[in-house]
Amino acid sequence: MKIKTDFMKPTHLFLAFVLIISFIACDTKEKSTTTAETTTPVVTNAETKTVKTVDKATKTLQETIKAHGGALYDQANYEFIFRDKKYSFKNDGNSYVYEVESTKDGKTTHDVLDNGKLSRTIDNKSIELSEKKIASATGAVNSVIYFATLPHKLNDAAVNKSFVEETVIKGQKYDVLKVTFNQEGGGEDFDDEYHYWINQKTKKIDYLAYNYQVNGGGVRFRSAYNVRVVDGITFQDYINYKAPVGTPLKDLPALYEKEELKELSKIETQKIINLKN
């Protein structure tokens with residue numbers, strides 16, 4: 001009589017072992033696949049959108065424009081006197097009309113700069129001007145309105161701005177912006193360079209400086225005073241100082257504090273009127 005045993009033959013044992021290993025391997029692979037599928041993060045459309053950040057120069061300028069008048073500039077219509085000439089500016093979004101009127105030897109000259117196109121009348125009679133005189137008159141009225149309405153025009157497309165540093169002038173902290181201009185749209189003095197010292201508390205421009213290249217070049221530094229707000233828009237006058245040609249703009253505040261800058265003139269806007277009232 002044969003006795004039954006629980007032990008398998010070697011061949012059967014090997015086959016069983018192979019089957020078990022295969023089953024375990026398949027099961028492990030399935031679990032691994034399932035785990036990978038359930039733990040892979042799902043990227044939504046919102047997550048793939050590029051996050052836009054505002055650089056410090058842009059943020060500082062936006063705060064400064066807001067502090068000086070902000071959106072009120074977009075529809076502003078003011079008149080003022082500067083060096084015995086009557087100026088006015090009327091903004092309508094991106095459109096503008098600048099005017100200047102002066103009287104000399106009993107004759108009244110009236111220049112109108114309408115969105116970059118200049119026309120002149122003398123005693124209400126239209127006058128033809130050469131290209132050179134048009135460029136000169138355009139630059140003159142643009143310059144006066146530019147400084148009177150700072151920092152409004154610093155938002156123009158032709159303006160390049162960068163953050164320079166934080167500094168201290170007479171115990172007050174300032175953010176310093178550098179501004180240059182593209183040749184296209186930057187005016188006849190597009191290669192000038194400007195620095196603006198913006199008060200970290202008030203967000204307003206307390207000092208500015210620039211260099212220019214025409215007539216042998218020059219360097220100027222201006223200190224604001226007589227700050228007043230007229231119907232929401234800030235106007236301020238400046239003491240204009242001279243520095244040696246080639247002086248780096250960022251060095252001017254230190255020279256100013258040491259009283260080593262020569263005062264040249266005062267930049268004063270007088271009799272400011274809001275023409276919309």
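The values are calculated or read from the model by the stated rules, or taken from the named source; none is laboratory data. Owing to the predicted nature of the structure, the values given are computational and were not obtained by experimental measurement. With ideal geometry, Cβ positions are generated from the backbone for all residues, glycine too; neighbour counts draw on all protein chains shown.
Matching residues to (1) at pLDDT 95 or above; (2) surrounded by 12 or more Cβ atoms within 10 Å (Cβ to Cβ); (3) over 29 Å from the mean Cα position of the chain (by Cα); (4) farther than 22 Å from Thr269 by Cα:
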site	(1), (2), (3), (4)
Met1	no, no, yes, yes
Lys31	no, no, yes, yes
Lys52	no, no, no, yes
Ile81	yes, yes, no, no
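If you scan segment 58-71, which residues turn out to be over 13 Å from the mean Cα position of the chain (by Cα) and surrounded by fewer than 15 Cβ atoms within 10 Å (Cβ to Cβ)?
Ala71 - this is the single residue of segment 58-71 that is over 13 Å from the mean Cα position of the chain (by Cα) and surrounded by fewer than 15 Cβ atoms within 10 Å (Cβ to Cβ).
Filter segment 93-111 down to residues that are within 32 Å of the chain's Cα centre (by Cα), closer than 17 Å to Ile122 by Cα and surrounded by fewer than 14 Cβ atoms within 10 Å (Cβ to Cβ), then give me how many there are.
Residues flagged as within 32 Å of the chain's Cα centre (by Cα), closer than 17 Å to Ile122 by Cα and surrounded by fewer than 14 Cβ atoms within 10 Å (Cβ to Cβ) within segment 93-111 amount to 0.
Here's the yes/no breakdown for (1) within 24 Å of Glu99 (Cα to Cα); (2) touching a helix residue (DSSP H, G or I) at 6+ places or on another chain (Cβ under 8 Å); (3) surrounded by 13 or more Cβ atoms within 10 Å (Cβ to Cβ):
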residue: Asn115; (1), (2), (3): yes, no, no
residue: Ala157; (1), (2), (3): yes, no, no
residue: Tyr196; (1), (2), (3): no, yes, yes
residue: Gly218; (1), (2), (3): no, no, yes
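Tell me which residues, restricted to segment 207-223, are of a type outside the set (S, T, N, Q) and over 15 Å from Leu261 (Cβ atoms).
Listed by number, the residues that qualify are Tyr212, Val214, Gly216, Gly217.
At pLDDT below 95, more than 23 Å from Gly69 (Cα to Cα) and either within 24 Å of the chain's Cα centre (by Cα) or not charged (D, E, K, R) (or both): is that true of Tyr256 in this structure?
The answer is no for Tyr256.
Of all residues in segment 198-227, which are at positive phi and under 22 Å from the mean Cα position of the chain (by Cα)?
Result: Lys203, single match.
Determine whether segment 246-267 contains at least one residue that is buried (at least 20 other Cβ atoms within 10 Å of the Cβ) and assigned to a strand (DSSP E or B).
Checking segment 246-267: not a single residue is buried (at least 20 other Cβ atoms within 10 Å of the Cβ) and assigned to a strand (DSSP E or B).
Inspect all residues belonging to segment 17-29 and state whether any of them is among the hydroxyl-bearing types (Ser, Thr, Tyr) and either under 38 Å from the mean Cα position of the chain (by Cα) or at pLDDT 95 or above (or both).
Within segment 17-29, not a single residue is among the hydroxyl-bearing types (Ser, Thr, Tyr) and either under 38 Å from the mean Cα position of the chain (by Cα) or at pLDDT 95 or above (or both).
Return the residue satisfying two criteria in turn: it lies in segment 204-213 and is in contact with an Asp or Glu (Cβ under 8 Å, 6 or more places away or on another chain) and part of a strand (DSSP E or B), and of such residues it is modelled with the lowest pLDDT.
Filtering first and then ranking leaves Tyr212.
Conditions (1) surrounded by 13 or more Cβ atoms within 10 Å (Cβ to Cβ); (2) assigned to a strand (DSSP E or B); (3) at pLDDT 95 or above; (4) touching a helix residue (DSSP H, G or I) at 6+ places or on another chain (Cβ under 6 Å), marked per residue:
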site: Val168; (1), (2), (3), (4): no, yes, yes, no
site: Thr202; (1), (2), (3), (4): yes, no, yes, no
site: Asn215; (1), (2), (3), (4): no, no, no, no
site: Ala224; (1), (2), (3), (4): yes, yes, yes, no
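With segment 44-160 as the region, which strands (runs of 3 or more DSSP E) entirely inside it contain at least 3 residues that are of a type in the set (A, V, I, L, M, F, W, C)?
Once the strands (runs of 3 or more DSSP E) in segment 44-160 are filtered for at least 3 residues that are of a type in the set (A, V, I, L, M, F, W, C), what remains is 77-82.
Touching a residue at least 40 places away in the same chain (Cβ under 8 Å) and either at negative phi or within 20 Å of the chain's Cα centre (by Cα) (or both): does that describe Val179?
No, not satisfied.
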